[in-house]
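The values are calculated or read from the model by the stated rules, or taken from the named source; none is laboratory data. Since the structure is predicted, the reported quantities are computational estimates derived from the model, not experimental observations. Positions of Cβ are backbone-derived with ideal geometry, glycine not excepted, and every protein chain shown enters the neighbour counts.
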Amino acid sequence: MSSFANKVAVVTGGGRGIGQEIARALAAGGAKVAVVSRSAASCGKAAEEINALFPGSATAYAVDVADHAAVQELAKTIATELGPVNILVNNAGVTRDGLLMRMKEEDWDTVLDTNLKGAFNTVKAFMRVLMKAEDPRIINIASVIGLIGNAGQTNYSASKAGLIGFTKAVARELAGRSVTCNAVAPGFITTDMTDELPQAVKDGVIAQIPLGTFGKTEDIAAVVTFLASPAARYITGQVIAVDGGMTM
Ligand code: NDP
């Protein structure tokens, strides 16, 4: 297990699912973790669960990442309460699925504002601090759907493909300051997000996964903690698919 002693990490969407597991894994390595999600109940519960395992490691912040001003405020609050940030994980994400023919403008806007503009907002808010930090890391949670597309997910595919482009551009802009920026592209992982899928859809997806099963949140957290560790210092601008071989 990597050591994140004396490191401060921010995990957006840390209230549930993949984000909660990433926050837990970073706390296990000794990091102080800001667990950010939309609802105070969600990030509060996640932080409580993490603190039960690693006392004093997690602090909850209820902030909408799509709200530029609120994210700027969040950065100031975290600097005061936890100290300068070393690791930023942009994991907050939503789906509003539907065929393009029927997709409402608000479904497009909500997904792009959360999944893509949310990352713009956090990187803008934390980049100055990251540029001065030890082992500074930005890790964006994209999706294989941003690589291969998916019928019924034009908004989500565009947001995740956009996040991959954003990752590479940020990697190039901040490389001179030793800040690395990478994306992890999960395939289908068992969480609330995929629990919503009808069984017939799940069966169809599993048929396309060479390893024959959905992944676990731990599978994503393992790659994120590696990318966040000092061992990954020479990796930047990459997209690492963690998808059971789905997109090989
Ligand atoms: P969940 O739906 O289980 O959890 C999403 C988390 O994001 C929640 O904590 C939620 O907050 C938070 N969130 C959503 N919108 C906002 C917002 N505007 N501001 C702050 N926080 C927000 O998702 P998963 O764990 O399944 O997914 C996590 C990430 O991984 C997402 O980016 C998703 O697109 C990506 N991904 C997931 C896959 C999967 O198979 N599960 C596959 C590929 C990618 P709250 O708890 O308060 O609602």
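Only one of these conditions is not met by THR213: (1) assigned to a loop (DSSP other than H, G, I, E, B); (2) away from the ligand (no atom under 16 Å from the Cβ); (3) over 23 Å from ALA119 (Cα atoms). Which number is it?
So the condition that THR213 fails would be (2).
Would you point out the residue of the range 24-37, among those that are over 13 Å from ALA221 (Cβ atoms) and more than 14 Å from the chain's Cα centre (by Cα), that is nearest to the ligand (Cβ to nearest atom)?
Only one residue tops the list, namely LYS32.
Could you tell me which numbered condition ALA183 fails, if it satisfies all but one of (1) touching a helix residue (DSSP H, G or I) at 6+ places or on another chain (Cβ under 9 Å); (2) surrounded by fewer than 21 Cβ atoms within 10 Å (Cβ to Cβ)?
(2)
For a quick check of your reading of the model, give me the residue pairs whose first member lies in the range 20-43 and is more than 21 Å from THR190 (Cβ to Cβ) and outside any helix (DSSP H, G or I), whose second is of a type in the set (A, V, I, L, M) and at pLDDT below 95, with beta-carbon atoms closer than 8 Å and at least 6 apart or on different chains.
Going by the 8 Å Cβ cut-off, the qualifying pairs are GLY29/MET1.
Can you tell me which residues in the range 1-23 are within 15 Å of the ligand (Cβ to nearest atom) and surrounded by 24 or more Cβ atoms within 10 Å (Cβ to Cβ)?
Within the range 1-23, VAL10, VAL11, THR12, GLY13, GLY14, GLY15, ILE18, GLY19, GLN20, GLU21, ILE22, ALA23 qualify.
Tell me, yes or no, whether the range 158-179 has at least one residue that is in contact with a helix residue (DSSP H, G or I) (Cβ under 8 Å, 6 or more places away or on another chain), more than 9 Å from the ligand (Cβ to nearest atom) and more than 24 Å from ILE235 (Cα to Cα).
yes
Among the residues of the range 210-248, write down those that are touching a Pro at 6+ places or on another chain (Cβ under 7 Å) and either aromatic (Phe, Trp, Tyr) or on the phi > 0 side of the Ramachandran plot (or both).
GLY244, GLY245
Conditions tested, residue by residue: (1) under 26 Å from ALA228 (Cβ atoms); (2) near the ligand (Cβ under 10 Å from one of its atoms); (3) among the hydrophobic types (A, V, I, L, M, F, W, C).
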position	(1), (2), (3)
MET131	yes, no, yes
ILE145	yes, yes, yes
GLY152	no, no, no
ALA185	yes, yes, yes
MET193	yes, yes, yes
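If we keep just the residues of the range 63-111 that are under 24 Å from ILE189 (Cβ atoms) and small (Gly, Ala, Ser), which is nearest to the chain's Cα centre (by Cα)?
Among residues in the range 63-111 that are under 24 Å from ILE189 (Cβ atoms) and small (Gly, Ala, Ser), the one nearest to the chain's Cα centre (by Cα) is ALA92.
It is to be established whether one or more residues within the range 66-79 are away from the ligand (no atom under 16 Å from the Cβ), closer than 21 Å to ALA228 by Cα and surrounded by fewer than 23 Cβ atoms within 10 Å (Cβ to Cβ).
yes
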